[in-house]
Ligand SMILES: [Zn+2]
């Protein structure tokens, strides 16, 4: 299960566990002698959202974003040397452009300290390097309107699989921004950027990549690093934009 208490009670508190789990140990295995290229199925799952595809884990209730216009800013304090400011800003802006199809107005703001108190601004930043996030790469703090990233978990990822650093940051930003747009629940479709691969109770995420939509174990980085058609459809529904 999502570690509900992982961040609660620490210096930053999360009202709900809106965090993306560490991905470094996951591995995707398609256990079929596929006549169809598994990559093509994944691409189709990213591109298309069919009726009945909006499966979530039921771990939260989607709701409208608090405002139709939202600004995002980046505070590079505590950022690991692996990620330049420009690189992170480009990824944030890419995630914003991916979510734009939801229909909310998402705008960029250059960070300055006074923005921390602005109600329509979500500040993206890094926890202090010493901070233990409980293994979570990032989290959306609704109360303080901050998206927090964990340098510690990225350091672990760098040691284990540095080739995943960029895509994991992109994915984390896209995922957590989705929470700010009203997608509180996590998707059960493996490919969605808002997904969780398993609930820790023996249930696993869903993909068509094993011949019909089925629960699959041993998923490894199958999740899209940008919002999928189903992420967007859920965002539009949550915000009454259908
Ligand atoms: Zn999450």
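No value in this document is a laboratory result; all are computed from the given coordinates. For clarity, every value in this text was computed on a predicted model and none was experimentally measured. Reconstructed Cβ throughout: ideal geometry from the backbone, glycine too, with neighbour counts over all protein chains shown.
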Worksheet entry | Extension gain from residue 43 to residue 158, taking 0.36 nm per residue of separation minus the Cα-Cα distance | 38.7 nm
Worksheet item: Between residue 118 and residue 50, 0.36 nm times their residue separation minus their Cα-Cα distance comes to what?
Response: 20.7 nm
Practice prompt. Can you put 158, 152 in order of Cβ neighbours within 10 angstrom, beginning with the fewest?
Written response: 158, 152
Worksheet entry | residue 130 versus residue 143: modelled label distance in nm, points set 7 Å from Cα along the beta carbon direction | 2.2 nm
Discussion item. Suppose each label sits 7 Å from its Cα in the direction of the beta carbon; what would the residue 90-residue 69 distance come out to in nanometres?
Written reply: 2.9 nm
Response to the item:
One quarter of the C-alpha convex hull surface, i.e. the mean projected area of the range 63-182 in nm², amounts to 7.2 nm²
Practice prompt. Evaluate the distance, in nm, between pseudo-label points positioned 7 Å from the Cα of residue 78 and of residue 199 along their respective Cα→Cβ axes.
Written response: 3.2 nm
Item to complete: Would you mind ranking 232, 137 so that the residue whose beta carbon has the fewest other beta carbons within 10 Å leads the list?
Response: 232, 137
